[in-house]
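Data block below; observations after.
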Amino acid sequence: MLDKLYLVRYDVRGHGRSGRPTAAEEYVSSLYAADFAAVANEFSLNKPVFVGWSSGAVIASDICSHISPVPLSGVFAMSGPLAVKTAGKTLKPKLRQLISGFLSTDAQTSLNARVEFVDTLFTNPNEVPFPVKAAWIGSTVLQSREIITARLAGHKSEQTKLVELGAEGFPAMMLYGTEEQFQDGSIGAAEARPYFTNLEVVVIEGGSHTVFYDSFEETVGHLLRFCLRVSDQRAGPKF
């Protein structure tokens with residue numbers, strides 16, 4: 001894939017190496033769009049395909065809502081929703097349970113939730129190398145109770161512009177696994193279909209929330225195919 005695509009990955013605000021403020025006003029939709037614009041400018045990106053994993057998929061709506069003209073050629077939602085207005089419908093009980101654990105003021109409960117969260121990401125967690133799981137569990141420590149609370153309170157995406165584009169044929173793909181324990185991809189796809197006339201939905205049999213890890217070859221194949229198709233369409237309608 002690296003032979004055919006120029007890839008740029010960044011941690012969204014509240015995560016990883018990006019800023020992790022604890023005030024809700026630091027997570028408003030426009031700031032997520034501004035973050036994307038800063039990354040795109042730094043790497044001289046010209047209407048890239050936006051790939052969002054899990055809740056990161058909703059950032060496509062932030063970008064389309066606050067940047068004009070829309071700086072994307074397409075959107076690829078991996079284990080995440082496109083229709084953000086009804087994204088809550090896709091959440092499974094296990095995720096709600098674990099979020100509650102993350103927000104607990106009891107240290108043992110909070111730590112246990114983080115270990116269970118990482119195990120639940122994978123189809124066969126016992127087969128994941130220990131260094132990988134240890135790194136992922138360690139990264140969850142950056143998600144403090146204060147940060148999660150601020151993020152949930154402050155990040156309210158608006159889907160109007162993205163679904164308007166969807167009605168005009170804006171390219172979109174949703175990819176999810178059948179063994180996903182956090183979000184119901186079938187519900188997410190059903191919610192998105194009425195808005196996107198150029199939507200392709202890919203179901204990975206046996207796939208987990210981390211389809212890019214457990215189903216690497218399939219995921220890469222579909223992502224590459226989508227990006228190349230979008231690239232071929234760039235000479236067509238302008239969005």
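Identify the GluC sites (Glu not before Pro) of the stretch 131-239 meeting these criteria: DSSP loop state and at most 13 other C-beta atoms within 10 Å of the C-beta.
Listed in order of number, the matching sites are Glu168, Glu205.
Would the stretch 98-220 count as rounded, prolate or oblate if I go by the C-alpha gyration tensor, calling it rounded below 1.5 in a/c and otherwise prolate when a/b exceeds b/c, oblate otherwise?
It is oblate, given that a/c is not under 1.5 and a/b is not larger than b/c.
By count of other Cβ within 10 Å, fewest leading, how are Asp62, Asp214 ordered?
Values: Asp62 27, Asp214 21.
Lowest count first: Asp214, Asp62.
Quick check: net charge around Ser65, other residues with Cβ under 12 Å of its Cβ, Lys/Arg +1 and Asp/Glu -1?
-1
How much space per residue, in cubic angstrom, does the convex hull of the C-alpha atoms of the chain take up?
122
Rounded to the nearest 0.05, what FRET efficiency is calculated for Ile148 and Asn124 with R0 set to 30 Å and r the Cβ-Cβ distance? Show your work: numbers first, answer last.
On the way: r = 27 Å, r/R0 = 0.91.
E between Ile148 and Asn124, to the nearest 0.05, is 0.65.
Could you list Tyr195, Tyr213, Tyr6 in order of exposure, starting from the residue whose Cβ has the fewest other Cβ atoms within 10 Å?
Tyr6, Tyr213, Tyr195
Provide the gained length on full extension for the span Gln97 to Ala24, in nm with one decimal, where the gain is 0.36 nm per separating residue minus the Cα-Cα distance.
Value of the extension gain: 24.1 nm.
Expressed in nm to one decimal, what extension gain is obtained for the pair Glu116 and Glu200 from 0.36 nm per residue of sequence separation less their Cα-Cα distance? Don't skip to the answer; put the middle values down first.
Numbers: separation 84, 0.36 × 84 = 30.24 nm, distance 3.18 nm.
Extending this stretch completely gives an extra 27.1 nm.
Quick one: length gained pulling Val39 to Thr160 fully straight, 0.36 nm per residue minus the C-alpha distance?
Values: separation 121, 0.36 × 121 = 43.56 nm, distance 2.37 nm.
Contour length minus the Cα-Cα distance gives 41.2 nm.
Cross-link candidates for Lys85: which lysines have Cα within less than 19 Å, leaving aside residues fewer than 8 places away along the same chain?
Lys156, Lys161
Which order results if Trp53, Trp136 are arranged by neighbouring Cβ count within 10 Å, fewest first?
Fewest-to-most ranking of Trp53, Trp136: Trp53, Trp136.
Counting DSSP beta bridges in the chain, what percent are antiparallel, to the nearest 5?
5
Under the rule that an exposed site lies in a DSSP loop and has at most 14 other Cβ atoms within 10 Å, name the longest stretch of the chain with no trypsin sites (Lys or Arg not before Pro) of that kind, not counting the sites themselves.
The longest uninterrupted stretch comes out as 18-155.
Measuring from centroid to centroid over Cα atoms, what is the spacing of the stretch 149-223 and the stretch 51-75 in Å?
The distance from the Cα centre of the stretch 149-223 to that of the stretch 51-75 comes to 12 Å.
Give the residue from Gly101, Ala60, Ile187 lying farthest towards the positive end of the charge dipole for the chain; charges sit on Cβ (+1 for Lys and Arg, -1 for Asp and Glu) and the dipole is referred to the Cα centre.
In the chain, that residue is Ala60.
No value in this document is a laboratory result; all are computed from the given coordinates. Please read these numbers as outputs of a predicted model, since none were measured by experiment. When we count neighbours, we look across all protein chains shown, and the Cβ atoms used for this are built from the backbone with ideal geometry, even at glycine.
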